[in-house]
């Protein structure tokens, strides 16, 4: 199977949620419709990550999940991971981050995520 991997990054704080949703929704739909399989990689470090994940989940409800998934990429283990396990299709802590100092783990996670991606979507205000 040909998997097209898309990662998403953005600012911690979002001023205009509606603008983000209006821009991101058609992009997500287009990838799901155009590619045989899309894997979305996303973090959970701020408002962008949360809103982008919710946009993907809404699009999945509309067009289906047969050819796409959303994976939460974490820099280290977190409390209440069961909560996230119910929301995301999968959760991964990259092997290269095991034992990394927490302050450097986020940067290393971002680097790893980009390296896995065919396309990176970045949102800045």
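Tabulated data for the structure shown
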{"item": "Top-ranked residue in segment 79-93 [being in a loop (DSSP other than H, G, I, E, B) and either touching a residue at least 24 places away in the same chain (Cβ under 8 Å) or touching a strand residue (DSSP E or B) at 6+ places or on another chain (Cβ under 6 Å) (or both); ranked as nearest to residue 21 (Cα to Cα)]", "result": "88"}
{"item": "In segment 97-120, the residues that are in contact with a helix residue (DSSP H, G or I) (Cβ under 7 Å, 6 or more places away or on another chain), within 12 Å of residue 9 (Cβ to Cβ) and surrounded by fewer than 17 Cβ atoms within 10 Å (Cβ to Cβ)", "result": "120"}
{"item": "Flag if residue 44 is in contact with a helix residue (DSSP H, G or I) (Cβ under 8 Å, 6 or more places away or on another chain) and surrounded by fewer than 15 Cβ atoms within 10 Å (Cβ to Cβ)", "result": "no"}
{"item": "Residue identified as outside any helix (DSSP H, G or I) and under 25 Å from residue 37 (Cα atoms) among 50, 66, 62", "result": "66"}
{"item": "Checklist (1) in a helix (DSSP H, G or I); (2) farther than 20 Å from residue 5 by Cβ; (3) without any contact (Cβ under 8 Å) to a residue 24 or more places away in the chain applied to residue 96, failing item", "result": "(2)"}
{"item": "Of all residues making up segment 13-47, the number that are more than 14 Å from the chain's Cα centre (by Cα), outside any helix (DSSP H, G or I) and within 26 Å of residue 106 (Cβ to Cβ)", "result": "4"}
{"item": "Meets criteria (touching a helix residue (DSSP H, G or I) at 6+ places or on another chain (Cβ under 6 Å) and closer than 23 Å to residue 55 by Cβ) for residue 73", "result": "yes"}
{"item": "Test: residue 23 is at pLDDT 90 or above and more than 19 Å from residue 120 (Cβ to Cβ)", "result": "no"}
{"item": "Tabulated pairs, segment 62-73, first more than 25 Å from residue 93 (Cβ to Cβ), second crowded, with 17+ Cβ neighbours inside 10 Å, C-beta under 7 angstrom, 6+ apart or interchain", "result": "63/32; 67/32; 67/38"}
{"item": "Residue 39 crowded, with 19+ Cβ neighbours inside 10 Å and either without any contact (Cβ under 8 Å) to a residue 60 or more places away in the chain or closer than 23 Å to residue 124 by Cβ (or both)", "result": "yes"}
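The values are calculated or read from the model by the stated rules, or taken from the named source; none is laboratory data. This is a predicted model, so every value here is computed, not measured. Note that we place each Cβ from the backbone using ideal geometry, even for glycine, and neighbour counts take in every protein chain shown.
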